[in-house]
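Notes to accompany the following structure.
Read the figures in this text as sums done on the coordinates, not as results from a lab. These numbers come from a predicted model, not from an experiment. Here the Cβ positions follow ideal geometry from the backbone for every residue, glycine too, while neighbour counts run over all protein chains shown.
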Amino acid sequence: WCLLWQALNPLASGREVVRQLQALFHLENRPQLSPDDGAFVREVAQRLATAERPAGRRWLPWFLAAAAAVAALGLKPGDAVADIGCGTGYYASRMARIVGKKGVVYAVDIQQEMLDLLGRRMKQLHLENVKPVLGEEKDPKLAPGSCDLMLMVDVYHEFDHPYEMIRAMIPALKKRSE
């Protein structure tokens, strides 16, 4: 449990990590849970034991890395994020739970087949805030100023035109006044 706690976000407060775990494991409707609550620890352990994982990999380090990556993004309810090269939506589904119904996840892929699989998966998970976007090799097809954040996991090396793709992504990021 301590390893999971630290791996999720070593800089987060206990309350923030609990919020992130609740979002990751669909426990949002259980606000009474706390990290000291044995029921919460058992429920998280059960969810970890049944977590999806790629064949041939040890699941705990892989799952913790994915959970830590999502937690480190610092997403908030209402955020608009893009998962570039989303595939079937492994990260998109996790981000969708955190940004909530007021937020949106633009799931971008250049293969319609992946977006079809993504759509079926999001329907199974009852996630309505994941919007599939059919991109092109040089353009993610995202509206200007539509995204607070973009995530690319294990996809950059697949770009046939990385310079053009990154240049086309930049306008979709919201401008910050900070």
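Full extension of the chain between Ala68 and His157 gives 29.8 nm of extra length, using 0.36 nm per residue less the Cα-Cα distance. Simple rule: put +1 on each Lys or Arg Cβ and -1 on each Asp or Glu Cβ in segment 84-178, find the dipole, and look at Pro144, Gly87, Val104; the Cα lying farthest toward the positive end is Val104. Extension gain, Gln124-Ile166: 0.36 nm per intervening residue step, less the Cα-Cα distance, totals 11.9 nm. Among the listed pairs Lys102/Lys141; Lys123/Lys174; Lys102/Lys138; Lys123/Lys175, a Cα-Cα separation exceeding 26 Å is found for Lys123/Lys174; Lys102/Lys138; Lys123/Lys175.
Name all residues of segment 96-135 having a backbone nitrogen under 20 Å from the label point set 7 Å from the Cα of Ala143 along its Cα→Cβ direction, giving them as ranges. Zone members listed by number: 96, 99-109, 128-135.
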